[in-house]
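A.B. asks: This is the structure I have questions about; it appears just below.
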Amino acid sequence: HVPFSWTALTACGVLAFVCAVCRRLPLEFGKNTVEVVDVATLAALVFLGPIWALVVAVPAMLYREPLRAAFSAATHVTILLAAGYVFRLFAEPLLWSPQFDSSLVFGIVASGVTYYALDALINSTLLRIKYGAPLTELLRDAVVTPVPSDVGAILTVVGAAYAMTAFSPAAAIILFCGSAGALTSLYLLHESRQKIEGLSAEVESLKEENSVVLSSPLTFAS
């Protein structure tokens, strides 16, 4: 009972390509590895439904290690089916019911929150089991850090849904490609800021050590 059309197949192929490209741009936040594939998969969920979204997410499930690939596949299945169920409480997939209204917006926001909340819960649990990381570190790396990007992704999907109903599916696909690039840039900028903060902390530490050395002539002499 999966609806099919050539438009759906084309959109699925384009979004899967975006997912594959974003899959090649992993970013490290502490012990958490982030792959920017959520815009493509969330867009596929809203446009086509959860089954098509799982097809789009296939490039994000593939790893050389079978256990990691199985974990990634199980994670995407859990997240996308749950988010798809929440979305269907408000609206139908946009390609089959092209109507932009408040219920569609509520559905996108609710499914996006479900998507990211489950993703954060699963990743936090994995980090806790694998590394025994403290709760504050888990909240910073897996929950707090991606929040601006998550909000941007949800707003992007809302804008793309409007573009699809107001103009054409092609306009929405172009918007998705641009949003994927913008989201990747956001993560890269955040990573650069983290490196700058780390260097600043090292400089302050060196200044403190230098002041201690210079304050003691005996230490300085030795």
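A.B. asks: How much length is gained if the chain between Ser102 and Ala20 is pulled fully straight, taking 0.36 nm per residue apart and subtracting their Cα-Cα distance, in nm to one decimal?
C.D. replies: 26.4 nm
A.B. asks: Now, a different point. Please calculate the 1.4 Å probe accessible area of Val58, with all protein chains present, and give it to the nearest 10 Å².
C.D. replies: 60
A.B. asks: Need one number: nm distance between label points at Tyr85 and Lys195, each 7 Å from Cα along Cα→Cβ, rounded to one decimal.
C.D. replies: 4.3
A.B. asks: Report ³J(HN,Hα) in whole Hz for each residue of the stretch 93-101, in order, from the Karplus equation J = 6.51 cos²θ - 1.76 cosθ + 1.60 where θ = phi - 60°; Gly and Pro get x.
C.D. replies: Those phi angles translate into x, 5, 5, 9, 9, x, 9, 9, 8 Hz.
A.B. asks: Take the Cα of Val2, step 7 Å along the line toward its Cβ, and report every residue of the stretch 52-73 whose backbone nitrogen sits under 11 Å from that point.
C.D. replies: 52-58
A.B. asks: Under the rule a/c < 1.5 gives rounded, and otherwise a/b versus b/c splits prolate from oblate, where does the stretch 35-107 land using the Cα gyration tensor?
C.D. replies: prolate
The values are calculated or read from the model by the stated rules, or taken from the named source; none is laboratory data. Bear in mind the structure is a predicted one, so any value in this text is a computation, not a measurement. Heads up, the Cβs are rebuilt from the backbone with ideal geometry, glycines too, and the neighbour counts pull from every protein chain shown. Note: areas computed on protein heavy atoms with side chains; ligands, DNA, RNA excluded. Shrake-Rupley method; radii C 1.70, N 1.55, O 1.52, S 1.80 Å.
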